[in-house]
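Single-structure report; data block below.
The values are calculated or read from the model by the stated rules, or taken from the named source; none is laboratory data. Keep in mind the model is a prediction, meaning the values are calculated, not measured. Counting neighbours? That spans all protein chains shown, and the Cβs are built from the backbone with ideal geometry, glycine included. Areas reflect the complete protein model, heavy atoms only, side chains present, ligands, DNA and RNA absent. Shrake-Rupley method; radii C 1.70, N 1.55, O 1.52, S 1.80 Å.
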Amino acid sequence: MEHPIPADIETRMTDIDRTETVAFVDDDEMLRTANLQTLALAGLRGLPFAGAGAALAAVDKDFPGVVVTDVRMPGMDGLQLLERLQAADPELPVILITGHGDVPMAVAALKNGAWDFLTKPFGSEQLIASVRRALETRRLVLENRRLRAAATEGSKDVLIGRSPVMERLRETVRQLARTDVDVLIEGEAGTGKELVAALLHRGSDRRSHPFLTINCEALPTHLAESELFGHTAGAVTGAGLSRRGQITNAHRGTLFLEAVDTLADPIQVRLLRVLEEGELYPVGSDAAVDVSIRVIASVRDDPADLVAGQHLREDLFFRLNVVRLRVPSLRERHEDVALLFAHFLAEAADRHRIEPRRITDDVIRHLHQHDWPGNVRELRHYATSFALGLDHDRAGNGSILPRPLPERVQDFEAAAIRHALLQSAGEIQSAIKQLQIPRKTLYDKLARYHISPAEFRRDRRAGPSD
């Protein structure tokens, strides 16, 4: 499902679309005036300059537009102006106006960074078409810069976002981290509940002790009891040795119970005893083991509904619900989507040692219009797919560059291998099944494309997103 662009995002995109300023540099006043009229009739804002020096003083690296300049001018000519502008901002489009005799020189200038050149006399349609293409490029460049800058700024906070709801969440986490109360975290899948739990531990007096995460939903019912509380030798089928449970392993630290409502009722009863009495009994033992832990638990749905549906015991809910935090979905903080995407894109490019791809208007529209039901996890996967060039079906920007077929085949092959490793978290056997190729073939291609499965195994451990 997709929603209309939110008002604040639409305003920001409209502001970008209004970046249609053209600095027009020509020492001939009549030509300058005529061309400014042409630009005005096309809805473009023209800034007139009679010389290169004045233009150079007005155009900086953040200039919201493009430059059109005559080549032949007294003092500093157009080529010198191009060189100075390129030194300040290599991504600033500069269009040269030349006479017939200057065409070879203009072609050489194109190789040195000029955007385009127009040969006198040129028609108004030719000028407008060249300027609009240049402005489109400039808009994308400036938007990329905004996103990169925002990502750099946002990465200073682990919980990335400028929305009011995220500002409040960060402040609440900072305050709660200094206390030792148990916390119940509510939020949809993929919103970052485990990250919030980790931050609570990291800012607490328990930070030098273990932080353990238990995915209660993934625990097999017949193993959950021994996994959490431990067991003595022979108390569990096939267990010849005693084993400490995860609760004991978290002693003096923090235990994060993800999806605590999925634990069976008898396990919830035993967990409540640990929370209230600070001790547990391993399976098969009559001797109590003292434990000191901070428990942070999470649920995906409203806890009151879980209690009413008998998924979460009411007494356990009251014990855990000392403090409740709610992590918002991306739908509730849509203004943070572009910032998060830029951060994840830079992260993926760095992780896979590739150049970050330019963010196109199609991608920006997709970011702002998509509903993101998978929340931060879905957005992060999309950023990784985009970084690896695997986003063709989602943002509509999958045009194929006119390069030799063997190169395109190699790129596709390398991208397919990276995608398989991404999906399998770096597990070779799983990747082989997805790709349906022999193990030796995969290893040969990994060496050829300089792909390391270990990088993808690190990807699964990096930054929890539930």
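Of the residues Ala297, Ala250, only one is closer than 20 Å to Val181 by Cβ, modelled with pLDDT under 95 and open to solvent by less than 20 Å² (accessible area, probe 1.4 Å); which?
Ala250
Taken over the range 107-135, the criterion of being at pLDDT 85 or above, within 35 Å of the chain's Cα centre (by Cα), part of a helix (DSSP H, G or I) and not small (Gly, Ala, Ser) is satisfied by Val131, Arg132, Arg133, Leu135. Cβ separations smaller than 6 Å between residues 6+ apart or across chains give the following pairs from the range 360-374 residues that are in a helix (DSSP H, G or I) to residues that are acidic (Asp, Glu): Gln369/Glu2.
Evaluate the range 259-274: report whether one residue or more is under 37 Å from the mean Cα position of the chain (by Cα) and closer than 26 Å to Arg178 by Cβ. The answer is yes; a qualifying residue exists.
From the list Ala431, Ala425, the one residue that fits, being open to solvent by less than 30 Å² (accessible area, probe 1.4 Å), at pLDDT 80 or above, more than 30 Å from Gln369 (Cα to Cα) and not polar (S, T, N, Q), is Ala431. Is it true that Thr262 is in contact with a strand residue (DSSP E or B) (Cβ under 6 Å, 6 or more places away or on another chain), within 23 Å of Gly374 (Cα to Cα) and of a type outside the set (Asp, Glu)? Considered against the rule, which asks whether it is in contact with a strand residue (DSSP E or B) (Cβ under 6 Å, 6 or more places away or on another chain), within 23 Å of Gly374 (Cα to Cα) and of a type outside the set (Asp, Glu), Thr262 comes out as no. Take Thr221 and decide whether it is surrounded by fewer than 13 Cβ atoms within 10 Å (Cβ to Cβ), among the hydroxyl-bearing types (Ser, Thr, Tyr), out of contact with any Gly (no Cβ under 8 Å at 6 or more places or on another chain) and closer than 21 Å to Leu316 by Cα. Taking the combined requirement at face value, the residue satisfies it. Ala189 - would you say it is surrounded by fewer than 19 Cβ atoms within 10 Å (Cβ to Cβ), in contact with a strand residue (DSSP E or B) (Cβ under 6 Å, 6 or more places away or on another chain) and part of a loop (DSSP other than H, G, I, E, B)? For Ala189, the condition - surrounded by fewer than 19 Cβ atoms within 10 Å (Cβ to Cβ), in contact with a strand residue (DSSP E or B) (Cβ under 6 Å, 6 or more places away or on another chain) and part of a loop (DSSP other than H, G, I, E, B) - is not met.
Pairs are defined by a Cβ separation below 9 Å, a sequence spacing of at least 6 or placement on different chains, a first member in the range 181-199 that is under 20 Å from Arg319 (Cβ atoms), and a second member that is in a helix (DSSP H, G or I) and of a type in the set (Gly, Ala, Ser); the pairs so defined are Val183/Ala197; Ile185/Ala197. Considering every residue within the range 287-298, establish whether at least one is more than 23 Å from Val323 (Cα to Cα) and either in contact with a Ser or Thr (Cβ under 8 Å, 6 or more places away or on another chain) or in contact (Cβ under 8 Å) with a residue 12 or more places away in the chain (or both). Yes, the range 287-298 contains at least one residue that is more than 23 Å from Val323 (Cα to Cα) and either in contact with a Ser or Thr (Cβ under 8 Å, 6 or more places away or on another chain) or in contact (Cβ under 8 Å) with a residue 12 or more places away in the chain (or both). Within the set of pairs 6 or more residues apart or between chains, which connect a residue that is among the hydroxyl-bearing types (Ser, Thr, Tyr) inside the range 257-275 to a residue that is open to solvent by less than 10 Å² (accessible area, probe 1.4 Å) with Cβ atoms less than 6 Å apart? Every condition considered, the pairs that remain are Thr262/Cys216. Summed over the range 37-75, the residues that are over 11 Å from Val25 (Cα atoms), open to solvent by 50 Å² or more (accessible area, probe 1.4 Å) and not in a strand (DSSP E or B) give a count of 12.
Selection over the range 418-432 of residues that are within 14 Å of Ala454 (Cβ to Cβ) and either among the aliphatic types (A, V, I, L, M) or part of a helix (DSSP H, G or I) (or both) gives a count of 6.
Is it the case that the range 329-344 has a residue that's within 28 Å of Gly426 (Cβ to Cβ), in contact (Cβ under 8 Å) with a residue 40 or more places away in the chain, open to solvent by 20 Å² or more (accessible area, probe 1.4 Å) and among the small types (Gly, Ala, Ser)? Scanning the range 329-344, I find no residue that is within 28 Å of Gly426 (Cβ to Cβ), in contact (Cβ under 8 Å) with a residue 40 or more places away in the chain, open to solvent by 20 Å² or more (accessible area, probe 1.4 Å) and among the small types (Gly, Ala, Ser), so the answer is no. With the structure loaded, tell me whether Val173 is in a loop (DSSP other than H, G, I, E, B), β-branched (Val, Ile, Thr) and in contact (Cβ under 8 Å) with a residue 24 or more places away in the chain or whether it fails that test. Taking the combined requirement at face value, the residue does not satisfy it. It is to be established whether one or more residues within the range 290-305 are closer than 30 Å to Leu140 by Cα and assigned to a loop (DSSP other than H, G, I, E, B). No, every residue in the range 290-305 fails to be closer than 30 Å to Leu140 by Cα and assigned to a loop (DSSP other than H, G, I, E, B).
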